[in-house]
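As structure tokens, the structure follows; a few thoughts come after it.
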Amino acid sequence: MPKKIKGKFKEIGQSKKNVQTKIPVPVSSKKYVPTKKDNFFLYLILFVFAFVLYGNTISHDYALDDCLMITDNHYTQSGIKGIKDILLYDTCKGYGDNMLNSTTGGRYRPLSLVTFALEKEFFGRNPHVEHFNNILLYAITGIFIFVVLSKLLKKLPRPNLFLSVPFITALLFLAHPLHTEVVANIKSRDEILALLFSLITLYLFINYLESSKKIFLILSMFTFFLALLSKEITVIFILIIPLFIYFFMDIPLKKIVLSALPLFAVTLAFIVLRQSAVGQTSIVAVKSNDLVNNTFVGMNVSQKYATIFYTLGLYVKLIFIPHPLTYDYYPYYIPIMNWGDFGVIFSILFYLFLLFIAFKGLVNKKYISFCILLYLIPFSLISNILFPVGVFMGERLMYTSSLGFSMLIAYFLVVQLPKKFKVSTFIPLIILLPVLGLYSFKTIDRNKAWKDDFTLYETDVKTSINSTHSTHSYGKALFVKAEELKDKAEQARMIDTAIIYLDKSFRINPNDQNVNYLLGKIYGRYKNDLNKSIYYLNNAANLNPDHFESANDLGIVYAMSGQSGKAIEIWEKTLKKTPQDADLLNNLAIAYSSLGNTQKSQEYLAKAKLAKSKKK
């Protein structure tokens, strides 16, 4: 072959080779290896991002159930001195024995209360410090999500510093608006601590399996015990931690199970400790005839489970589209459902599909199967299917499950999208940024509702329009605020509004003792409608015979209406339960005087003076 022709072939070959080298490599095959400095930069981003999202809550006051665990909890308010009792007794005991009797099931979650007691000891009653600490713990949780997943998902592609499944998962988790109740409500620190210490346990357990150093196993047992002390639902991580290892580490299943036995031992120790603290109260919610504590009162079995499956579908909707949000998912914001309703049918089919995908990929260790299991396993404990949890649904209950959702979306953006559609690195970022932007906007905006009780009730009553809980809470808040007003016209306007909401709550749930009491009090004190006052106070006294205020106020209204005999009958009966109440004794003295029974009147007047002197 002539040299010129041969040379031409060579050039053509070189040219072809050059063209081949210019073909872009699929994004999914690229791998970026970050330095320690790079990782520190990502930690900083996650840390700052958490404070950007929730920084506006630092100026907030206490709200909702903060009174149960913080402001009105005797043990918490005792500071360091109260820690012993926090560890020894039911979590609600510091609020009062009445709370123990009215709540469903026992609660033993001392760790968050210990932190509240320490904050009280060193900072006094300061909600701003407590809000700051919630954000701090949440930020650390985001960092640990990134750290743990970075150890487990080393085989997944990482095209650049920012585009990795661990980092995107952490960002999505931090930004998700469903978490506003957990972070903005100080009381829900138990959720944050439970997941945080579970992640730390997983991190230490991975280190133990990689190095065989027993110090990591011992530390993991300690952190897992702290996770269990945070909230009982952490017990499910005895299954989730081995699942993480099974799916993402090349370790035989038998070794995983044997290695996890110490964590089982810690779980058993916690159960024994919990039983000694809570006593005979089961971890399963006890039955209650109160609609607020048992949302399925009045439903038959068919309606109950149809409604449960409907709410499972609502959870799916909220985790994808977190709007509108509310603290109140009580009856009947969520209506009673039947098996023929479309929402129920859709929910059942969707969850059957999820279960099919999860178990289909279990043997082959498919990533999507793990994400679905991480969503479903914690979710099973709060679904009301295994046992009632006292409420139809709650945003805070999805806190752990939302990690599975975040991992799935991150995987789709970083791995599946470039792999299936051969798109450049910028496309996943172009999709991600608007999602993060919308989530962040919703989170920051939703935080405003958690400023204090009144703001929360005023905001969410517009969403939970058919709920007995929010209508009652807002009506009561209006009444309390009205009593503080000096402007009589404004007070009357607010009282009228309170009646509207309390009356609506009564129509939804006429057996709510507190609503009946408030309506009776308002009609007697501000509307001078004694007949309505007697009607509602009678209801309240019958619904809860041990409620002193209902009986006392009922006697007063009877006396005001000229029925002193009935007033005396009620007060004498109440006196047997509270024989040293000076106001009650004084009321009896006045009532007997109005009937001309001077002897009885003087007798009770003397007893009233003696009770007052003893009180001093």
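The values are calculated or read from the model by the stated rules, or taken from the named source; none is laboratory data. Quick caveat: nothing in here was measured; it's all calculated off a predicted structure. All Cβ positions, even for glycine, are placed from backbone atoms using ideal geometry, and neighbour counts span all protein chains on display.
Screening Ala540 against (1) more than 20 Å from Asp290 (Cα to Cα); (2) touching a residue at least 24 places away in the same chain (Cβ under 8 Å) leaves a single unmet condition, (1). Tallying residues that are within 48 Å of the chain's Cα centre (by Cα), in a helix (DSSP H, G or I) and of a type in the set (Val, Ile, Thr) within region 566-614 yields 3. Residues that are under 25 Å from the mean Cα position of the chain (by Cα) and farther than 21 Å from Tyr62 by Cα occur in region 468-486; there is at least one.
On the given criteria, is Phe237 in the same structural domain as Asp85 (by TED's automatic domain parsing) and surrounded by 20 or more Cβ atoms within 10 Å (Cβ to Cβ)? Taking the combined requirement at face value, the residue satisfies it.
When the test is whether a residue is closer than 25 Å to Pro127 by Cα, at pLDDT 95 or above and buried (at least 16 other Cβ atoms within 10 Å of the Cβ), Ile444 passes it. Might you check whether a residue that is buried (at least 21 other Cβ atoms within 10 Å of the Cβ) and in a helix (DSSP H, G or I) occurs anywhere in region 320-336? Within region 320-336, not a single residue is buried (at least 21 other Cβ atoms within 10 Å of the Cβ) and in a helix (DSSP H, G or I). Report, by residue number, each residue of region 373-401 that is among the polar types (S, T, N, Q) and under 25 Å from Pro335 (Cβ atoms). Within region 373-401, Ser380, Ser383, Asn384, Ser401 meet the criteria. Is there a residue being in contact with a Lys or Arg (Cβ under 9 Å, 6 or more places away or on another chain), among the hydroxyl-bearing types (Ser, Thr, Tyr) and either without any contact (Cβ under 8 Å) to a residue 60 or more places away in the chain or not in a helix (DSSP H, G or I) (or both) anywhere in region 260-281? Checked against the condition, which is being in contact with a Lys or Arg (Cβ under 9 Å, 6 or more places away or on another chain), among the hydroxyl-bearing types (Ser, Thr, Tyr) and either without any contact (Cβ under 8 Å) to a residue 60 or more places away in the chain or not in a helix (DSSP H, G or I) (or both), region 260-281 yields at least one hit.
Only a single item in (1) in the same structural domain as Ala492 (by TED's automatic domain parsing); (2) out of contact with any helix residue (DSSP H, G or I) (no Cβ under 7 Å at 6 or more places or on another chain); (3) in a helix (DSSP H, G or I) is not met by Thr463, and it is number (3). Kindly provide the set of residues from region 393-434 that are under 22 Å from Val316 (Cβ atoms) and in contact with a Pro (Cβ under 7 Å, 6 or more places away or on another chain), ordered by number. Passing the criteria: Thr400, Ser401, Leu413, Leu417.
Restricting Leu153, Leu163 to those that are at pLDDT below 95, in the same structural domain as Ile206 (by TED's automatic domain parsing) and crowded, with 21+ Cβ neighbours inside 10 Å reduces the list to Leu163.
Report the residue count in region 214-234 for those that are in contact (Cβ under 8 Å) with a residue 40 or more places away in the chain and either surrounded by fewer than 19 Cβ atoms within 10 Å (Cβ to Cβ) or not charged (D, E, K, R) (or both).
Our first condition is that a residue be in contact (Cβ under 8 Å) with a residue 40 or more places away in the chain; within region 214-234, this holds for 217, 220-221, 224-226, 228-234.
This time we only want the ones that are either surrounded by fewer than 19 Cβ atoms within 10 Å (Cβ to Cβ) or not charged (D, E, K, R) (or both), so: 217, 220-221, 224-226, 228-230, 233-234.
The total comes to 11.
Using the structure shown, decide if Val114 is within 17 Å of Ser188 (Cα to Cα), of a type in the set (A, V, I, L, M, F, W, C) and in a helix (DSSP H, G or I). Talk me through it step by step, then tell me what you get.
Numbers: within 17 Å of Ser188 (Cα to Cα): yes; of a type in the set (A, V, I, L, M, F, W, C): yes; in a helix (DSSP H, G or I): yes.
Yes: the conditions hold for Val114.
Condition check: in a helix (DSSP H, G or I) and touching a residue at least 40 places away in the same chain (Cβ under 8 Å). Does Leu349 satisfy that? Give the derivation first.
On the way: in a helix (DSSP H, G or I): yes; touching a residue at least 40 places away in the same chain (Cβ under 8 Å): no.
No; evaluated as a whole, the condition is false for this residue.
So which of Asp190, Asp250 is closer than 30 Å to Thr443 by Cα and among the acidic types (Asp, Glu)? Steps first, please.
Numbers: Asp250 fails: closer than 30 Å to Thr443 by Cα.
Within the list Asp190, Asp250, the selection yields Asp190.
Restrict the check to region 490-497 and report whether at least one residue is out of contact with any helix residue (DSSP H, G or I) (no Cβ under 9 Å at 6 or more places or on another chain) and at pLDDT 95 or above. Before the answer, list the steps.
Step one: filter region 490-497 for residues out of contact with any helix residue (DSSP H, G or I) (no Cβ under 9 Å at 6 or more places or on another chain), giving 496.
Checking which are at pLDDT 95 or above leaves us with 496.
Scanning region 490-497, I find at least one residue that is out of contact with any helix residue (DSSP H, G or I) (no Cβ under 9 Å at 6 or more places or on another chain) and at pLDDT 95 or above, so the answer is yes.
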